[in-house]
1. Report, in debye and to the nearest 20, how large the dipole of the stretch 2-237 comes out about its Cα centre when Lys and Arg carry +1 and Asp and Glu carry -1 on their Cβ.
2. Count the net charge of all other residues whose Cβ sits under 13 Å from the Cβ of residue 189, scoring Lys and Arg as +1 and Asp and Glu as -1.
3. Quote the FRET efficiency, to the nearest 0.05, computed for residue 214 versus residue 127 with a Förster distance R0 of 30 Å and r equal to the Cβ-Cβ distance.
4. Quick one: what are the phi-derived ³J(HN,Hα) couplings along the stretch 131-140, Karplus 6.51/-1.76/1.60 with θ = phi - 60°, whole Hz, x for glycine and proline?
5. Assuming R0 = 25 Å, can you tell me the calculated FRET efficiency for the pair residue 190 and residue 75, based on Cβ-Cβ distance, to the nearest 0.05?
6. To the nearest 10 square angstrom, what accessible area does residue 146 show with a 1.4 Å probe?
7. May I ask you to derive the FRET efficiency for residue 166 and residue 202 from their Cβ-Cβ distance with R0 = 30 Å, giving the value to the nearest 0.05?
8. Can you work out D for the chain in µm² s⁻¹ from Stokes-Einstein, where Rh is the Kirkwood radius over C-alpha pairs, the temperature is 10 °C and the viscosity is 1.306 mPa s?
Amino acid sequence: MAWFRADLHLHSCLSPCGDLECSPSAIAATARERGLTMVALTDHNSALNCPAFSEACAHHGLSALFGMEATSREEVHLLCLFETVEQALEMGERLYEKLADVHNIPEKLGDQVYVDVEENILGEVEKHLIGAVDLSVDEIMALVLDRGGLFIPAHIDRTVNSMGSQLGFLPAGAYSAVEVTRSPCPIATYDYPRVCNSDAHFLPDIAARWFAFEADTPDFAGLQAALATGRLKLSIEQPTA
Ligand SMILES: [Zn+2]
Ligand SMILES: [Zn+2]
(Lines give C-alpha, C1' and ligand atoms only; values in the text may rest on other atoms or scores of the structure.)
(Ligands and ions follow the chains in the order given, each with its own letter.)
Protein backbone atom coordinates (compact mmCIF):
# COMPACT_ATOMS: atom_id res chain seq x y z
CA MET A 1 0.00 0.00 0.00
CA ALA A 2 1.11 3.53 -0.71
CA TRP A 3 -0.34 7.03 -0.53
CA PHE A 4 -1.20 8.79 -3.78
CA ARG A 5 -2.08 12.46 -4.28
CA ALA A 6 -5.17 13.29 -6.28
CA ASP A 7 -6.91 16.41 -7.57
CA LEU A 8 -10.18 15.30 -9.12
CA HIS A 9 -11.87 18.61 -9.92
CA LEU A 10 -10.20 20.43 -12.80
CA HIS A 11 -11.63 22.64 -15.55
CA SER A 12 -10.20 23.07 -19.04
CA CYS A 13 -10.67 25.52 -21.89
CA LEU A 14 -14.00 23.79 -22.55
CA SER A 15 -15.51 25.47 -19.48
CA PRO A 16 -16.56 29.01 -20.41
CA CYS A 17 -15.11 30.19 -17.10
CA GLY A 18 -11.87 28.24 -17.68
CA ASP A 19 -8.72 29.85 -19.03
CA LEU A 20 -7.96 29.15 -22.72
CA GLU A 21 -4.44 28.23 -21.55
CA CYS A 22 -5.99 25.26 -19.73
CA SER A 23 -5.61 22.74 -22.52
CA PRO A 24 -5.75 19.09 -21.47
CA SER A 25 -2.01 18.80 -22.27
CA ALA A 26 -1.09 21.84 -20.18
CA ILE A 27 -3.22 20.58 -17.27
CA ALA A 28 -1.50 17.17 -17.35
CA ALA A 29 1.98 18.73 -17.53
CA THR A 30 1.21 21.03 -14.59
CA ALA A 31 -0.34 18.24 -12.54
CA ARG A 32 2.79 16.17 -13.04
CA GLU A 33 5.03 19.06 -11.94
CA ARG A 34 2.90 19.51 -8.82
CA GLY A 35 3.43 15.92 -7.75
CA LEU A 36 -0.07 14.62 -8.35
CA THR A 37 -0.57 10.95 -9.20
CA MET A 38 -4.26 10.99 -10.11
CA VAL A 39 -6.27 13.72 -11.82
CA ALA A 40 -9.76 14.07 -13.23
CA LEU A 41 -11.11 16.45 -15.84
CA THR A 42 -14.49 17.84 -14.80
CA ASP A 43 -15.73 20.54 -17.14
CA HIS A 44 -19.25 21.88 -16.67
CA ASN A 45 -21.76 19.38 -18.09
CA SER A 46 -19.40 18.07 -20.80
CA ALA A 47 -16.65 15.49 -21.23
CA LEU A 48 -15.55 16.55 -24.71
CA ASN A 49 -11.98 17.33 -23.65
CA CYS A 50 -11.56 13.93 -21.98
CA PRO A 51 -10.14 12.11 -25.05
CA ALA A 52 -7.25 14.60 -25.25
CA PHE A 53 -6.89 14.56 -21.45
CA SER A 54 -6.57 10.77 -21.51
CA GLU A 55 -3.74 10.91 -24.05
CA ALA A 56 -1.99 13.73 -22.22
CA CYS A 57 -2.18 11.94 -18.86
CA ALA A 58 -0.84 8.72 -20.38
CA HIS A 59 2.06 10.71 -21.82
CA HIS A 60 2.89 12.18 -18.40
CA GLY A 61 2.43 8.91 -16.51
CA LEU A 62 -0.62 10.17 -14.61
CA SER A 63 -3.58 8.10 -13.57
CA ALA A 64 -6.72 9.76 -14.92
CA LEU A 65 -10.46 9.72 -14.30
CA PHE A 66 -12.96 11.24 -16.69
CA GLY A 67 -16.22 13.02 -16.22
CA MET A 68 -17.80 16.35 -15.57
CA GLU A 69 -19.23 18.70 -12.99
CA ALA A 70 -22.94 18.41 -13.66
CA THR A 71 -25.38 21.17 -12.66
CA SER A 72 -28.66 19.71 -11.45
CA ARG A 73 -32.09 21.30 -11.79
CA GLU A 74 -31.61 22.56 -8.20
CA GLU A 75 -28.43 24.33 -9.46
CA VAL A 76 -26.24 22.05 -7.35
CA HIS A 77 -22.79 21.15 -8.75
CA LEU A 78 -22.04 17.42 -8.76
CA LEU A 79 -18.82 15.66 -9.67
CA CYS A 80 -19.44 12.63 -11.88
CA LEU A 81 -16.28 10.53 -12.35
CA PHE A 82 -15.77 7.50 -14.56
CA GLU A 83 -13.03 4.99 -15.23
CA THR A 84 -13.18 5.32 -19.02
CA VAL A 85 -13.44 8.14 -21.53
CA GLU A 86 -16.30 6.31 -23.26
CA GLN A 87 -18.42 6.25 -20.08
CA ALA A 88 -17.78 9.95 -19.56
CA LEU A 89 -18.64 10.86 -23.16
CA GLU A 90 -21.85 8.88 -23.01
CA MET A 91 -22.87 10.55 -19.73
CA GLY A 92 -21.96 13.90 -21.30
CA GLU A 93 -24.36 13.25 -24.16
CA ARG A 94 -27.17 12.47 -21.71
CA LEU A 95 -26.54 15.73 -19.86
CA TYR A 96 -26.23 17.82 -23.01
CA GLU A 97 -29.65 16.61 -24.21
CA LYS A 98 -31.12 17.90 -20.95
CA LEU A 99 -29.15 21.14 -20.85
CA ALA A 100 -31.15 24.37 -21.22
CA ASP A 101 -31.07 25.49 -24.85
CA VAL A 102 -29.25 28.77 -24.25
CA HIS A 103 -26.68 29.53 -26.91
CA ASN A 104 -23.23 30.43 -25.74
CA ILE A 105 -21.94 33.87 -26.74
CA PRO A 106 -18.16 33.42 -26.56
CA GLU A 107 -17.41 37.17 -26.43
CA LYS A 108 -19.71 37.63 -23.46
CA LEU A 109 -19.80 34.28 -21.67
CA GLY A 110 -16.42 32.75 -22.51
CA ASP A 111 -15.07 30.24 -25.01
CA GLN A 112 -16.14 26.60 -24.94
CA VAL A 113 -13.64 24.84 -27.16
CA TYR A 114 -12.55 21.25 -27.24
CA VAL A 115 -9.12 20.37 -28.50
CA ASP A 116 -6.81 17.50 -29.32
CA VAL A 117 -3.67 16.61 -27.39
CA GLU A 118 -1.66 19.02 -29.55
CA GLU A 119 -4.01 21.89 -28.67
CA ASN A 120 -5.63 22.09 -32.10
CA ILE A 121 -9.22 23.26 -31.77
CA LEU A 122 -11.60 20.47 -32.83
CA GLY A 123 -14.85 22.29 -32.20
CA GLU A 124 -16.90 24.63 -30.11
CA VAL A 125 -19.94 23.68 -28.01
CA GLU A 126 -23.12 25.57 -28.94
CA LYS A 127 -25.22 25.52 -25.78
CA HIS A 128 -23.91 27.52 -22.80
CA LEU A 129 -22.43 24.81 -20.57
CA ILE A 130 -22.82 26.65 -17.27
CA GLY A 131 -26.59 26.23 -17.21
CA ALA A 132 -28.56 23.61 -15.31
CA VAL A 133 -29.66 20.33 -16.86
CA ASP A 134 -33.29 19.31 -16.45
CA LEU A 135 -32.46 16.45 -14.08
CA SER A 136 -32.61 16.37 -10.29
CA VAL A 137 -29.67 15.54 -8.02
CA ASP A 138 -31.17 12.07 -7.52
CA GLU A 139 -31.64 11.49 -11.25
CA ILE A 140 -28.04 12.45 -11.99
CA MET A 141 -26.86 10.26 -9.10
CA ALA A 142 -28.75 7.29 -10.57
CA LEU A 143 -27.27 7.86 -14.03
CA VAL A 144 -23.73 7.95 -12.60
CA LEU A 145 -24.10 4.96 -10.28
CA ASP A 146 -25.81 2.87 -13.01
CA ARG A 147 -22.73 3.46 -15.14
CA GLY A 148 -20.38 2.41 -12.35
CA GLY A 149 -19.13 5.93 -11.73
CA LEU A 150 -18.30 7.87 -8.59
CA PHE A 151 -20.83 10.49 -7.51
CA ILE A 152 -19.49 13.33 -5.36
CA PRO A 153 -21.48 16.47 -4.47
CA ALA A 154 -19.05 19.33 -5.23
CA HIS A 155 -17.81 22.02 -2.79
CA ILE A 156 -20.76 21.43 -0.45
CA ASP A 157 -19.65 24.31 1.79
CA ARG A 158 -19.49 26.97 -0.93
CA THR A 159 -21.97 29.85 -0.93
CA VAL A 160 -23.17 29.16 -4.49
CA ASN A 161 -24.15 26.06 -6.48
CA SER A 162 -23.73 23.67 -3.58
CA MET A 163 -25.87 21.40 -1.43
CA GLY A 164 -25.27 23.91 1.35
CA SER A 165 -26.32 26.99 -0.65
CA GLN A 166 -29.23 25.43 -2.57
CA LEU A 167 -30.69 23.07 0.02
CA GLY A 168 -29.20 24.30 3.29
CA PHE A 169 -27.98 20.85 4.27
CA LEU A 170 -26.64 17.61 2.84
CA PRO A 171 -29.54 15.24 2.16
CA ALA A 172 -28.89 11.50 2.50
CA GLY A 173 -27.69 9.88 -0.72
CA ALA A 174 -25.52 7.13 -2.15
CA TYR A 175 -22.54 9.46 -2.39
CA SER A 176 -19.12 8.01 -3.13
CA ALA A 177 -17.74 10.97 -1.16
CA VAL A 178 -18.47 14.65 -0.59
CA GLU A 179 -16.15 17.46 -1.61
CA VAL A 180 -15.35 20.14 0.96
CA THR A 181 -13.22 23.27 0.57
CA ARG A 182 -12.38 24.05 4.17
CA SER A 183 -11.81 22.50 7.51
CA PRO A 184 -13.80 22.36 9.66
CA CYS A 185 -16.64 22.09 7.15
CA PRO A 186 -19.65 24.18 8.25
CA ILE A 187 -22.07 21.69 6.65
CA ALA A 188 -22.54 18.34 8.43
CA THR A 189 -21.00 15.55 6.34
CA TYR A 190 -22.13 12.65 8.56
CA ASP A 191 -20.21 9.46 7.74
CA TYR A 192 -19.58 10.26 4.10
CA PRO A 193 -15.93 10.13 3.11
CA ARG A 194 -14.61 13.64 2.48
CA VAL A 195 -12.27 14.76 -0.27
CA CYS A 196 -10.96 18.16 -1.31
CA ASN A 197 -9.83 19.28 -4.75
CA SER A 198 -8.61 22.51 -6.32
CA ASP A 199 -11.55 23.24 -8.68
CA ALA A 200 -8.83 24.94 -10.76
CA HIS A 201 -9.92 27.07 -13.72
CA PHE A 202 -6.34 28.37 -14.22
CA LEU A 203 -3.09 26.40 -14.41
CA PRO A 204 -1.48 27.97 -11.30
CA ASP A 205 -4.40 26.77 -9.18
CA ILE A 206 -3.95 23.07 -9.94
CA ALA A 207 -3.28 21.19 -6.69
CA ALA A 208 -4.03 24.28 -4.60
CA ARG A 209 -6.12 21.72 -2.69
CA TRP A 210 -5.65 17.96 -3.03
CA PHE A 211 -6.27 14.77 -1.13
CA ALA A 212 -4.26 11.61 -0.75
CA PHE A 213 -5.64 8.08 -0.74
CA GLU A 214 -3.98 4.86 0.36
CA ALA A 215 -4.18 1.98 -2.10
CA ASP A 216 -2.23 -0.78 -3.76
CA THR A 217 -2.50 0.92 -7.13
CA PRO A 218 -3.45 4.50 -8.04
CA ASP A 219 -6.35 3.55 -10.28
CA PHE A 220 -10.15 3.67 -10.19
CA ALA A 221 -10.46 0.46 -8.13
CA GLY A 222 -7.77 1.63 -5.72
CA LEU A 223 -9.53 4.94 -5.20
CA GLN A 224 -12.91 3.26 -4.79
CA ALA A 225 -11.50 0.97 -2.07
CA ALA A 226 -9.84 3.89 -0.28
CA LEU A 227 -13.11 5.88 -0.31
CA ALA A 228 -15.04 2.88 1.00
CA THR A 229 -12.65 2.41 3.91
CA GLY A 230 -11.83 6.06 4.60
CA ARG A 231 -8.12 5.79 3.86
CA LEU A 232 -7.93 9.49 2.98
CA LYS A 233 -5.95 12.58 3.94
CA LEU A 234 -6.97 16.09 2.94
CA SER A 235 -4.47 18.88 2.21
CA ILE A 236 -6.73 21.34 4.05
CA GLU A 237 -6.32 19.22 7.18
CA GLN A 238 -2.54 18.77 6.85
CA PRO A 239 -0.10 20.94 8.78
CA THR A 240 1.98 21.35 5.60
CA ALA A 241 0.79 21.02 2.03
ZN1 LIG B 1 -18.71 24.08 -9.05
ZN1 LIG C 1 -15.78 23.30 -10.74
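The values are calculated or read from the model by the stated rules, or taken from the named source; none is laboratory data. Small disclaimer: the values here were computed from a predicted structure and weren't measured. Cβ sites come from the backbone with ideal geometry, for glycine too, and all protein chains shown count toward neighbours. Only protein heavy atoms, including side chains, enter the accessible area calculation; ligands, DNA and RNA are left aside. Shrake-Rupley method; radii C 1.70, N 1.55, O 1.52, S 1.80 Å.
1. Numbers: 15 positive and 35 negative charges, 172 e Å.
That gives the stretch 2-237 a dipole magnitude of about 820 debye.
2. On the way: positive: 182, 194; negative: 157, 179, 191, 237.
Summing Lys and Arg as +1 and Asp and Glu as -1 gives -2.
3. On the way: r = 40 Å, r/R0 = 1.35.
The computed FRET efficiency comes out at 0.15.
4. So the J values, rounded to whole Hz, are x, 8, 8, 7, 9, 7, 3, 5, 5, 5.
5. The pair residue 190/residue 75 has a calculated efficiency of 0.65.
6. Counting only protein heavy atoms, residue 146 exposes about 120 Å² to solvent.
7. Working from the Cβ atoms, E equals 0.75.
8. On the way: Rh = 17.5 Å.
Value of D from the Cα-based Kirkwood radius: 91 µm²/s.
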